[in-house]
Ligand SMILES: [Ca+2]
């Protein structure tokens, strides 16, 4: 057996030729692609640069062979080009490409179509026609769509987050997975199916995750969200089915199969994500970032200092924070800048669709419970703020800060301890949202709602 070549990207990327199945996705997650006409590694066969026709790093060709590449690789720009079969030259070119500043890398404007435009690599030995269709030229008017997986616990505000994710073209909703939180995991999965069906997102898979937190018993939020977890509307039987796969398996498969890192938006307790990292530690390198609704820079909402999502499973939140995956917290301090006022409710109704009518009814129920519990009839719409941060980061200002999850406090378990002023001297380990552009946020939400029809 030949000596395995190893490439590293600042310690994150680790790829060896002859152990392809596990490492292959890490390479692709880092933006390195070997042209799929030789993508046998993903299917368990040895991959070798000696048969590679092209090696692509962050959408730029760094190595290529001859043949029908011009047609096959239309849409890619060239960095430096070295012979694809020269492992030493390719390794050097890849290192230089991976070390290039992010800003100098072209933004992806179209999706990897698979060999010859098909979703799967062709059988070994087959050849692509020289007239393979070229990808469409990038349209500057069409926004780049960020692939996301929404892990949530619907829940009324999760429900609105689903609608925003489906209705705004700047995110591509790859899946909805549910955690136990606002209601049992069976009910949150049912509610995710209801909302995807309502939004006619029939191709978005929905899967249920763990039934309880890593430690302790589940604290449901039926005081806010009711017996079903989504009280306030009588839903028909959902058309979107429940996947038989566990949420963790679905997330893992999507991460492995994706040609680019995926953003996880987490708007419930973080149990599923902690479980994912425990079972598949390599998946950390396949995630672009985690944007969560959770925590607060000041006070909590379920105990004086703990916010609900973190309080339900503090150990999971701690594991996710310690994973090293970039994480952004959209906490109560910023989500309370999105109150559903009577004016907002009227705007939702004015959209004039069935979906807007259902939304207004759901939010009306939630406002009534917020009014009873917190004397807050203009209930803040927490979870869509995390989606907003992904689809347009300028909507949500963030600062970098050291964050810790309180696991033991007698009165403060589940609190996010955010060192906004650097008094602890710790290195910042998270982004923390501090301000929401409320006016533009509601404009974006209404636009998405309108787009859903
Ligand atoms: Ca939620």
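To keep it simple, each residue is scored yes or no on (1) at negative phi; (2) in a loop (DSSP other than H, G, I, E, B).
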site	(1), (2)
256	yes, no
260	yes, yes
276	yes, no
283	yes, no
292	yes, no
295	no, yes
334	yes, no
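All of (1) more than 21 Å from residue 179 (Cα to Cα); (2) within 16 Å of the ligand (Cβ to nearest atom); (3) in contact with a strand residue (DSSP E or B) (Cβ under 7 Å, 6 or more places away or on another chain) hold for residue 339 with one exception: (2). Taking the range 181-205 as the range and being within 15 Å of the ligand (Cβ to nearest atom) and part of a loop (DSSP other than H, G, I, E, B) as the test, the residues that pass are 181, 182, 183, 184. Here the range 158-180 is the region considered, the condition is being touching a strand residue (DSSP E or B) at 6+ places or on another chain (Cβ under 8 Å) and not in a strand (DSSP E or B), and the residue that is farthest from the ligand (Cβ to nearest atom) is 170. Only one of the listed residues (199, 245) is under 22 Å from residue 360 (Cα atoms) and modelled with pLDDT of 95 or more. That residue is 199. Listed by first and then second residue, the pairs linking a residue in the range 372-392 that is touching a residue at least 40 places away in the same chain (Cβ under 8 Å) and not assigned by TED's automatic domain parsing to the domain that holds residue 262 to a residue that is assigned to a helix (DSSP H, G or I) and more than 12 Å from the ligand (Cβ to nearest atom), with Cβ atoms under 7 Å apart and 6 or more places separating them unless they lie on different chains, form an empty list. Within the range 228-244, being in contact (Cβ under 8 Å) with a residue 40 or more places away in the chain and assigned to a loop (DSSP other than H, G, I, E, B) holds for 228, 229, 230, 231, 232, 233, 235, 238, 239, 240, 241. Restricting 290, 310 to those that are within 16 Å of the ligand (Cβ to nearest atom), without any contact (Cβ under 8 Å) to a residue 40 or more places away in the chain and over 25 Å from residue 198 (Cα atoms) reduces the list to 290.
Checking residue 355 against (1) within 16 Å of the ligand (Cβ to nearest atom); (2) buried (at least 20 other Cβ atoms within 10 Å of the Cβ); (3) more than 25 Å from residue 261 (Cβ to Cβ), which test does it fail? The number of the failed condition is (1).
The values are calculated or read from the model by the stated rules, or taken from the named source; none is laboratory data. Just so it is clear, the model here is predicted, and its values are computed rather than measured. FYI the Cβ positions are ideal-geometry reconstructions off the backbone, even for glycines, and counts take in every protein chain you see.
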